[in-house]
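The values are calculated or read from the model by the stated rules, or taken from the named source; none is laboratory data. This one's a predicted model, so the numbers in the text were calculated from it and none came from an experiment. A quick note on method: Cβ atoms are made from the backbone with ideal geometry, for glycine too, and the neighbour counts reach across all protein chains shown.
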Amino acid sequence: MEEKYDVVVIGGGSTGAAVARDCAMRGLKTLLLEKEDFAYGTTGRCSGLLHGGPRYLLTEPEIVEASCKESGVIQRIASSLVFRVPFLLLVFKGDKYGIDLLDAYFREYDRYSRARGGRPHTVLGRREVLEANPLVSREVEGAIGFDEFGVDVFRLTLLTALSAEKHGAKLMTHCEVVDIGSSRVRFYDKVRGRLLEARFEVAVNAAGPWAPQVAKLAGARVELRLTRGTHLIYPRQLFTTAIAMQAIDGREVMLIPHQSSMLLGTTDEDHYASPDEAYPTRDEVMYLLQAAYRAVPALREVKPVRAMAGVRPLLPEWGKREEDVTRGFRVIDHEELGEASLISVVGGKMVLHRLMAEEATDLICRKLGTREKCRTHLEAIDGELSWRAEPTPRSESYCCECERVLASGVKEAVREHARTLVDVRRRTRIGMGLCQGVSCSYKAALTLAGELKLSPREALRQLRELLEERWRGRWPIAEVSSHELTELAHGVYSCLAALEVYA
Amino acid sequence: MKRATVDVAVFGGGAAGCAAAATAAMRGKSVLQVYRSLGATPLSSGMIDLLGRAPWMEGFVLKPMRELAALMEKASKHPYAIVGESSVRRGLKLALEALEPLGYEGSLEENTLLPNLIGTFKPTALYPSSFSLGSLSELAEHRAVVVGFKSLSWLNPESLAKLLSYSASRLGARASLDWRAVDFGSGGLAELAWQAEEKPLELASKLAELGYDVVGIPPVLGVREHRAVAEALAEEGVRFFEIASPPPSPPGLRLQIRLLEWARELGVQQVRGELAELEAEGKVRRCVVRVGGELVEVEAESYVLACGRFIGGGAWIRGFSVISELKYAPRMLPSSRHAALCYGVEVDELLHPKARGVAVEEAYVAGSMLGGYSYSSELSGLGVAFSTGWAAGQLASGGSIEG
């Protein structure tokens, strides 16, 4: 017999996880269904910033205000995952916005930025910029210094989901919803290969760019405007301050230190294909490099290890360029399901995920007649970070040298709902460093096979999938990336293991 | 500028460079071998592959010399086709001579399927004798155990044993492997190898205690003293095999160290340095190397370039015509040949590279610096290195490569 829930949340991105957490904290019996893994889609491919969004100041000041406020909230409830990122917004001759205009603009931004502990902006002259960062092009005319905050989005989403679990929610990953009927949802567990059902009072569509497809399963309609954002990833940090610069079209492009790497992004291009088919294009890569090389010529000497593309699920607006489309969100109450309800949470920005969840959960509570108030902004989500423990000196060898992960980290990931090797990557950062999985994939596979009792056939299949998944991000930039690393990867997995013969 | 005058100058310290330098030295030439740093050879597993896969075959090549003949017919620009079958035989014979102190075995007619730490078996022609009891045919005969080490916490011996048994079944063979973990030493593969050299008896007794006919261990026998460690194990009655590993791979390091030592023993003069300038048009007009902070002009009768591919750095030496483009396939491990990894220098039938459309008569190219083949998809890495290395050494010293 299938279980009955108050709420079924569809989607395990930052928003879905936050909805599940909010519902569970308000005492609702909650089930979260995710078709792949937490932070698989848009969340896992964002810039990793709790972005205040200075560029929305003129058009959508309310978004800037909410973003800054939410950034402050996340800093409180997930303090160990958040880090301050000092930014230099560089100004060059020929840029769309000059230093004086930007100064006035940022004076306004400071008022909002205070809500999340951002320091007031500073204006730097040419010499000061070059002193602060000698790798910046000598052509620079000046810069605005300001604060943003970075976050580990994988951990943020995972810990939000685990907090929901602690409050009684049930989490099921690799479970794709195939049908939404009146008060009943059918879903397919892709790992175990079985069809399951659950009953609900309220279903929440938090599927991000997949929201239109999910709504359709219930006979409802959601419209979005999808835009693709591409990032290049460098395997090391060239400097610790982030750099914002203006691209050829006047858009802002950023170079952001993140974990052991550095992100260069992003683009904003209408995306008409399925969200499953979001790949970086050569054009986007060259566009980003053009902007970055102009501002930081030394970057030519550093090879990116991969590119990634995510899709923003924006609210539909006709007649606007991608970057001008609203970053606002909406909670839609559909009426197609009869007695039960379907709610869609769409639009917004990653930094707003908790707020979006709060509004959705308020609506759910009204429908279910619950008076519990939201507490998600009051309770912390991060506990101990046991996954990256240090070994005792010289005793144990790392599973992943680049990101310093021990076999125990892989085992810990399994306790955090990792069901595949790629899931382990999202939880531990295995395969995300300099070697892109060349020296650690097989080690993690040996550990995971034991932990999950995988059949040898499945273990080899997952090993190959992790390698191919990493390669999909390397392929678009393979020609400008490290051929040495590619030769090594083939040396290990083709030459030594002949993996393509077995999996 | 300092000047060095020799008969033959060899650039590259890997398998191809050492084979070329040694061959020329054996023919009585004065040889200078310049190498920048370690390349792909020490990253290898230590196995000498001749040919393990062919585009016209589903699985593995089991009779390499036979398929090689077909390959030479089908791909005229393949290095094997250029140097011919007799060079392949002479090159691999040379490898066995060079590696005699390490103990290598195998056959060019029949591949042996050997296990690795990723959990599969791969075909190879020649291999360290410390690998031999792990071959698929041997495993069918013995009750063997896969051993993990406590400090290699990622090496779950149960997973590895099951993967290897499964891979054997995929090849239509049977290998039933047990698994155990022993508490010996600390750190990763390379550290364990050093400790095995220090405490061979402790390792031997721990493996003997397991009570199995045959023990499969990760390659931790040591880098320089591995034979002594092997003897210690034999004294305790432990029959063992090493399981090939990705880098850091001690058997690959042993191979690299021995090859440089072998060339040195034959009178090759070796220096660490890098090619600073190579001007070639019809012949080599100017060749300058940087040794330490100093520039040295090298004057030789012939020059052998064996600088590797991407890892070695040979692919970045400009000025020669190359085969293939740097275009990759959307799958990392495609079933067909990988075009980008065929990238390398184009040569004529005497291994001369072309510069500005004209063959450079005094220069010879060997090893993975040669284009037209992808050693990782056909499993032919060190086989090509020794064959073309021997051929280049022969030609550079005025010899012939005709059968």
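Please work out which residue is nearest to B:Ser167 (Cα to Cα), limiting yourself to segment A:439-457 and to residues that are surrounded by fewer than 24 Cβ atoms within 10 Å (Cβ to Cβ) and more than 7 Å from chain B (Cβ to nearest Cβ).
Across segment A:439-457, the extreme among qualifying residues is A:Ser455.
Go through the residues of segment A:394-406 one by one and say whether even a single one is at pLDDT below 95, more than 8 Å from every other protein chain (Cβ to nearest Cβ), surrounded by fewer than 21 Cβ atoms within 10 Å (Cβ to Cβ) and more than 23 Å from the chain's Cα centre (by Cα).
Taking every residue of segment A:394-406 in turn, at least one turns out to be at pLDDT below 95, more than 8 Å from every other protein chain (Cβ to nearest Cβ), surrounded by fewer than 21 Cβ atoms within 10 Å (Cβ to Cβ) and more than 23 Å from the chain's Cα centre (by Cα).
Within the group A:Ala206, A:Ala244, A:Ala278, which residue is touching a residue at least 12 places away in the same chain (Cβ under 8 Å) and crowded, with 23+ Cβ neighbours inside 10 Å?
Numbers: A:Ala244 fails: crowded, with 23+ Cβ neighbours inside 10 Å; A:Ala278 fails: crowded, with 23+ Cβ neighbours inside 10 Å.
Going through A:Ala206, A:Ala244, A:Ala278 in turn, the sole match is A:Ala206.
Within segment A:464-488, restricting attention to residues that are more than 17 Å from A:Ala498 (Cα to Cα) and touching a Phe, Trp or Tyr at 6+ places or on another chain (Cβ under 7 Å), which residue is surrounded by the fewest Cβ atoms within 10 Å (Cβ to Cβ)?
Within segment A:464-488, the match that is surrounded by the fewest Cβ atoms within 10 Å (Cβ to Cβ) is A:Glu484.
(1) at pLDDT 95 or above; (2) surrounded by 15 or more Cβ atoms within 10 Å (Cβ to Cβ); (3) in a strand (DSSP E or B); (4) not β-branched (Val, Ile, Thr): which one isn't true of B:Leu278, the others all being true?
Here B:Leu278 meets the rest and fails (1).
Within segment A:410-428, how many residues turn out to be surrounded by 22 or more Cβ atoms within 10 Å (Cβ to Cβ) and facing another protein chain (nearest Cβ under 10 Å)?
Within segment A:410-428, residues that are surrounded by 22 or more Cβ atoms within 10 Å (Cβ to Cβ) and facing another protein chain (nearest Cβ under 10 Å) number 1.
Read through the list (1) in a loop (DSSP other than H, G, I, E, B); (2) at the interface with another protein chain (Cβ under 9 Å from one of its Cβ atoms), then give the number of the only condition that A:Gly431 fails.
(2) is the only condition that A:Gly431 fails.
Conditions: (1) buried (at least 21 other Cβ atoms within 10 Å of the Cβ); (2) assigned to a helix (DSSP H, G or I); (3) in contact with a Lys or Arg (Cβ under 8 Å, 6 or more places away or on another chain). A:Glu500 meets all but one. Number of the miss?
Evaluating A:Glu500 over (1) buried (at least 21 other Cβ atoms within 10 Å of the Cβ); (2) assigned to a helix (DSSP H, G or I); (3) in contact with a Lys or Arg (Cβ under 8 Å, 6 or more places away or on another chain) leaves (1) as the failure.
Return yes when A:Glu484 is outside the structural domain of A:Ile233 (by TED's automatic domain parsing), assigned to a helix (DSSP H, G or I) and without any contact (Cβ under 8 Å) to a residue 60 or more places away in the chain and no when it is not.
Working: outside the structural domain of A:Ile233 (by TED's automatic domain parsing): yes; assigned to a helix (DSSP H, G or I): yes; without any contact (Cβ under 8 Å) to a residue 60 or more places away in the chain: yes.
For A:Glu484, the condition - outside the structural domain of A:Ile233 (by TED's automatic domain parsing), assigned to a helix (DSSP H, G or I) and without any contact (Cβ under 8 Å) to a residue 60 or more places away in the chain - is met.
Restricting attention to helices (runs of 4 or more DSSP H) lying wholly within segment B:121-203, give those where 3 or more residues are at pLDDT 95 or above and within 11 Å of chain A (Cβ to nearest Cβ). Talk me through it step by step, then tell me what you get.
On the way: elements: B:136-139, B:157-170, B:189-198.
Output list reads B:157-170.
From A:Asp37, A:Asp22, grab the single residue that is part of a loop (DSSP other than H, G, I, E, B) and outside the structural domain of A:Ile233 (by TED's automatic domain parsing).
Numbers: A:Asp22 fails: part of a loop (DSSP other than H, G, I, E, B).
Exactly one of A:Asp37, A:Asp22 is part of a loop (DSSP other than H, G, I, E, B) and outside the structural domain of A:Ile233 (by TED's automatic domain parsing), namely A:Asp37.
Would you mind listing the helices (runs of 4 or more DSSP H) fully within segment B:1-103 where at least 3 residues are basic (Lys, Arg)? If you could, list the steps in order and put the result at the bottom.
Numbers: elements: B:15-26, B:64-74, B:79-98.
It comes to B:79-98.
If I filter segment B:323-340 for residues that are within 22 Å of A:Leu467 (Cα to Cα), part of a helix (DSSP H, G or I) and at pLDDT below 90, do I get at least one hit? Show your work before the answer.
First pass over segment B:323-340, keeping only residues within 22 Å of A:Leu467 (Cα to Cα): B:326-340.
When the remaining residues are screened for being part of a helix (DSSP H, G or I), the result is B:339-340.
Still in the running and at pLDDT below 90: B:339-340.
Checked segment B:323-340: at least one residue is within 22 Å of A:Leu467 (Cα to Cα), part of a helix (DSSP H, G or I) and at pLDDT below 90.
Take the residues of segment B:33-76 that are among the charged types (D, E, K, R) and over 22 Å from B:Leu255 (Cα atoms): which is farthest from the other protein chains (Cβ to nearest Cβ)? Outline the logic, then answer.
As a first pass, look at segment B:33-76 and keep what is among the charged types (D, E, K, R): B:36, B:49, B:53, B:58, B:63, B:66-67, B:73-74.
Next, only the ones that are over 22 Å from B:Leu255 (Cα atoms) stay: B:53, B:58, B:63, B:66-67, B:73-74.
Values: B:Arg53: 7, B:Glu58: 9, B:Lys63: 17, B:Arg66: 19, B:Glu67: 15, B:Glu73: 24, B:Lys74: 20 Å.
Applying the filter and picking the extreme gives B:Glu73.
Test A:Glu465 against the stated conditions and say whether it is more than 10 Å from chain B (Cβ to nearest Cβ), part of a helix (DSSP H, G or I), in contact with a helix residue (DSSP H, G or I) (Cβ under 7 Å, 6 or more places away or on another chain) and among the charged types (D, E, K, R). Don't jump to the end; show me each part of the working.
Values: more than 10 Å from chain B (Cβ to nearest Cβ): yes; part of a helix (DSSP H, G or I): yes; in contact with a helix residue (DSSP H, G or I) (Cβ under 7 Å, 6 or more places away or on another chain): yes; among the charged types (D, E, K, R): yes.
Yes.
I need the full set of residues from segment A:180-224 which are farther than 25 Å from A:Cys365 by Cα and of a type in the set (Phe, Trp, Tyr), in order please.
Listed by number, the list holds a single entry, A:Tyr188.
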